[in-house]
Amino acid sequence: MAGKGHRVALVEKEKELFKKASIVNQARLHGGYHYPRSVATAIMSDDNKQRFTEEHKSFILFEFEKYYAVDKFGSLTDAAQFKRFCRFIGIKCEPIHGHPLFNYNRLEALYLTTEYTFDPVLIGEFYKEKIKKVSNIDIFYFHKIKEVEKGSGKWNVIVQDLEDKSLKSIECVGVINATYSGSNAVNRQFGVDDIQLMHEISEIAFITSPQVDNIGLTVMDGQFGSIMPYGKSGLLSLSSVAYTHHKVSYDNLPHFDCQLVNRECTPDFTSICNFCEAKPRSNYRKMIGQMKQYYSDKVALNYLTSYYTIKSKLKANFIDDGRPTEISQLHKNPDYYCIFAGKINSIYEIEKIV
Ligand SMILES: Cc1cc2nc3c(=O)[nH]c(=O)nc-3n(C[C@H](O)[C@H](O)[C@H](O)COP(=O)(O)OP(=O)(O)OC[C@H]3O[C@@H](n4cnc5c(N)ncnc54)[C@H](O)[C@@H]3O)c2cc1C
């Protein structure tokens, strides 16, 4: 927006940007493989991948082997369907037989694919530096929206400094709500409808492995998991559909019982899970135990630490597991948009609407 000549006020509730989902994720530069039950998400990922890659080349790890595999037991998509799906959307999927690092007693099929990983921390630092240099962006860190008034063709947004409690008024012709798990809380402040969301407190574990430090494996499709390099950090991120998600809230606002312990974190103004005393105990042992079954005995997986955040999803994707980026204009003149980003590399969808 600033690049197009608009004057922008960026209101962020934390003291820093990039402390939530944009850092606590698996850093997969989605190429479509992950969504055999949502061709729309798969195609959208593949569409945006090229541009995202071009614009973030130095933050992307290209040099590693990326495998997708189908578990022999309980997969919602079998090997033949997975292969057909890859052929349908035109992405590489080469069967690999007898790889010494994997356990074929558990795998119906193993495929060599092309999928990269971006470095969320480097990307965060890049954008933090970039916006500092742009004169037409005013950043209000550690601020909350206190009140919203609608005038003719304008919003008057009163923001409060959470440190000294002082108030400021921002007059604007348009508002973009890009607060992910905070989407509905902000929508309600502007008197517009909720988007239908569900939320999960999620854990990404970080591990090392001398044998597979440059190899990624994602096991499809259901309660399985994934290990892959976390950008250029030298660490591997580990997630498991069964164990990454500790708590679930089917409300439009993220309600969790840990908010009864940490009273600062409320459904309409959630805190950073990573620093929270009330965050769930790590599931890393279960996650490692689950993923070890897919590797041969030679492979060691060593735990380092975990990151936590709230993952939010559109309720409509409960069945197909799609992660579209949904951008809705919920008010006109003055304008109000809600961007719900399902994936990092689908952010360019914004240009179709705003
Ligand atoms: C566990 C997990 C794994 C994932 N894996 C991948 C992956 O491999 N690849 C991929 O592409 N995507 C992945 N995603 C999805 C991706 O991380 C998100 O789509 C993306 O980070 C959303 O970006 P965002 O800027 O909208 O949200 P966020 O990064 O959460 O940023 C929202 C910002 O809004 C601020 N905020 C919230 N409420 C308010 C308020 N009321 N007032 C002011 N500020 C507020 C927050 O403090 C925060 O800074 C994953 C997500 C999770 C949680």
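The values are calculated or read from the model by the stated rules, or taken from the named source; none is laboratory data. In this text, all values refer to a predicted model and were calculated from it rather than measured experimentally. For neighbour counting, all protein chains shown are included, and Cβ atoms are generated from backbone atoms with ideal geometry for every residue, glycine included.
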Heads up, the strands (runs of 3 or more DSSP E) in segment 195-261 (entirely inside) with at least 3 residues that are more than 21 Å from S282 (Cα to Cα) and of a type outside the set (D, E, K, R) are 215-220
Across (1) touching a strand residue (DSSP E or B) at 6+ places or on another chain (Cβ under 7 Å); (2) farther than 30 Å from R51 by Cα, C338 clears everything bar (2)
Sole miss for C93 among (1) at pLDDT below 95; (2) in contact with a Cys (Cβ under 7 Å, 6 or more places away or on another chain) is condition (1)
S58: passes all of (1) within 15 Å of the ligand (Cβ to nearest atom); (2) among the hydroxyl-bearing types (S, T, Y); (3) under 18 Å from N345 (Cα atoms) but (1)
Counted residues in segment 4-18 being in a loop (DSSP other than H, G, I, E, B), touching a residue at least 60 places away in the same chain (Cβ under 8 Å) and more than 6 Å from the ligand (Cβ to nearest atom) come to 6
Taking first residues from segment 305-333 that are modelled with pLDDT under 90 and second residues anywhere that are of a type in the set (K, R) and buried (at least 17 other Cβ atoms within 10 Å of the Cβ), the pairs with Cβ under 8 Å that are 6 or more apart or on different chains are N317/R323; I319/R37; D320/R37; D321/R37; G322/R37; R323/K313; R323/K343; T325/K343
Here the residues within segment 147-185 that are at positive phi and either part of a loop (DSSP other than H, G, I, E, B) or among the aliphatic types (A, V, I, L, M) (or both) are G153, K165
Report task. Consider I288 carefully, then state whether it is aliphatic (A, V, I, L, M), more than 16 Å from the ligand (Cβ to nearest atom) and touching a strand residue (DSSP E or B) at 6+ places or on another chain (Cβ under 7 Å). Result -> yes
| Just wondering, is there one or more residues in segment 261-275 that are within 22 Å of the chain's Cα centre (by Cα) and away from the ligand (no atom under 16 Å from the Cβ)? | no
Is one or more of the residues making up segment 278-286 within 16 Å of the chain's Cα centre (by Cα) and surrounded by fewer than 16 Cβ atoms within 10 Å (Cβ to Cβ)?
-> no
The one condition A316 fails out of (1) within 13 Å of the ligand (Cβ to nearest atom); (2) assigned to a helix (DSSP H, G or I); (3) not polar (S, T, N, Q) is (1)
